[in-house]
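Can you keep this structure in mind? I'll have questions shortly.
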Amino acid sequence: MPAPITTHFAVAVHVLTYLAGIPDGAPVGSPELSGSVNTSPEYIRRVMVPLRAAGIVDSTAGKNGGWTLQRDPATLTLAEVRRLVQPDEPALGIHAPNPSCSVGRAIAQSLVDIEHDIAHAIDERLSATTIDQLVGDAARK
């Protein structure tokens, strides 16, 4: 059975866009980021772990520490972010039907096929958008 949908992707995109908009690239602490996202600093840190492991962000501890963007936001696509923070996130909530029910088996397989198509479409769309584009969108709004 698929896991419930999380907000890791939306939070990661928000934080990356925020960091990309810092003119001097100065570190931004988890408390500041959590205030912008409206969540806890712990949740920010949990979401950022796979991004740090991939070299997209870095963090420094201490009074003047915080998160910094390590990648050019013009080359960082939303698809890459999603693959890092929500790699197995389903687009549909498919339940596990009774295996002895012919309708249940057929519906489940049909939905799995549709799920695959949706995941492909999502990836294509997210591949066409970069963090840099979102920084520009935010500046215009």
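The values are calculated or read from the model by the stated rules, or taken from the named source; none is laboratory data. From a predicted model like this one, the values you see are computed outputs, not experimental measurements. Every residue, glycine among them, receives a Cβ derived from its backbone with ideal geometry; neighbour counts consider all protein chains shown. What goes into the accessible areas is simple: the full protein's heavy atoms, side chains included, and nothing from ligands, DNA or RNA. Shrake-Rupley method; radii C 1.70, N 1.55, O 1.52, S 1.80 Å.
Can you name the residue in the range 109-141 that is part of a helix (DSSP H, G or I), within 29 Å of Pro23 (Cα to Cα) and polar (S, T, N, Q) and is also most open to solvent (accessible area, probe 1.4 Å) among such residues?
Residues of the range 109-141 part of a helix (DSSP H, G or I): 109-127, 131-140.
Retained after the next criterion (residues that are within 29 Å of Pro23 (Cα to Cα)): 125-127, 131-140.
Next cut, polar (S, T, N, Q) only: 127, 133.
Numbers: Ser127: 55, Gln133: 88 Å².
Within the range 109-141, the match that is most open to solvent (accessible area, probe 1.4 Å) is Gln133.
Now for a different question. What is the number of the single condition among (1) open to solvent by 50 Å² or more (accessible area, probe 1.4 Å); (2) of a type outside the set (Asp, Glu); (3) assigned to a helix (DSSP H, G or I) that Arg71 does not meet?
With respect to (1) open to solvent by 50 Å² or more (accessible area, probe 1.4 Å); (2) of a type outside the set (Asp, Glu); (3) assigned to a helix (DSSP H, G or I), Arg71 is out only on (3).
Search the range 4-28 for residues that are more than 15 Å from Met48 (Cβ to Cβ) and pair each with any residue that is loosely packed, with under 14 Cβ neighbours inside 10 Å when their beta-carbon atoms are under 9 Å apart and the residues are at least 6 apart or on different chains.
Matching pairs, first to second residue: Pro4/Gly93; Ile5/Gly93; Gly21/Ala138; Gly21/Ala139; Ala26/Asn64.
Table: residues versus (1) hydrophobic (A, V, I, L, M, F, W, C); (2) closer than 22 Å to Val47 by Cα.
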residue: Glu80; (1), (2): no, yes
residue: Pro99; (1), (2): no, no
residue: Ala106; (1), (2): yes, no
residue: Leu111; (1), (2): yes, no
residue: Ile114; (1), (2): yes, no
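Consider the range 74-108. How many of its residues are open to solvent by 30 Å² or more (accessible area, probe 1.4 Å) and assigned to a helix (DSSP H, G or I)?
Residues in the range 74-108 being open to solvent by 30 Å² or more (accessible area, probe 1.4 Å) and assigned to a helix (DSSP H, G or I): 9 in total.
Which condition does Val15 not pass, out of (1) closer than 21 Å to Gln133 by Cα; (2) in a loop (DSSP other than H, G, I, E, B), if it passes all the others?
(2)
Condition first: of a type in the set (Lys, Arg), free of Cβ contacts under 8 Å to residues at least 60 places away in the same chain and either within 20 Å of Thr129 (Cβ to Cβ) or touching a helix residue (DSSP H, G or I) at 6+ places or on another chain (Cβ under 7 Å) (or both). Can you find one or more residues in the range 72-83 that meet it?
The answer is yes, given that some residue of the range 72-83 is of a type in the set (Lys, Arg), free of Cβ contacts under 8 Å to residues at least 60 places away in the same chain and either within 20 Å of Thr129 (Cβ to Cβ) or touching a helix residue (DSSP H, G or I) at 6+ places or on another chain (Cβ under 7 Å) (or both).
Could I ask something else about it? Residue check: is Asp58 at pLDDT 95 or above and open to solvent by 30 Å² or more (accessible area, probe 1.4 Å)? Full working, then the answer.
Working: at pLDDT 95 or above: yes; open to solvent by 30 Å² or more (accessible area, probe 1.4 Å): yes.
The answer is yes for Asp58.
Restricting the range 29-41 to residues that are hydroxyl-bearing (Ser, Thr, Tyr) and without any contact (Cβ under 8 Å) to a residue 24 or more places away in the chain, which is nearest to Thr130 (Cα to Cα)? Walk me through how you get there before you give the answer.
Initial filter on the range 29-41 (hydroxyl-bearing (Ser, Thr, Tyr)): 30, 34, 36, 39-40.
Right, trim to without any contact (Cβ under 8 Å) to a residue 24 or more places away in the chain and you get 34, 36, 40.
Working: Ser34: 22, Ser36: 20, Ser40: 26 Å.
So, considering only residues that are hydroxyl-bearing (Ser, Thr, Tyr) and without any contact (Cβ under 8 Å) to a residue 24 or more places away in the chain, the one nearest to Thr130 (Cα to Cα) is Ser36.
Taking the criterion of being in contact with a Leu (Cβ under 8 Å, 6 or more places away or on another chain) and of a type in the set (Lys, Arg), would at least one residue in the range 61-71 satisfy it?
The answer is no, given that none of the residues of the range 61-71 is in contact with a Leu (Cβ under 8 Å, 6 or more places away or on another chain) and of a type in the set (Lys, Arg).
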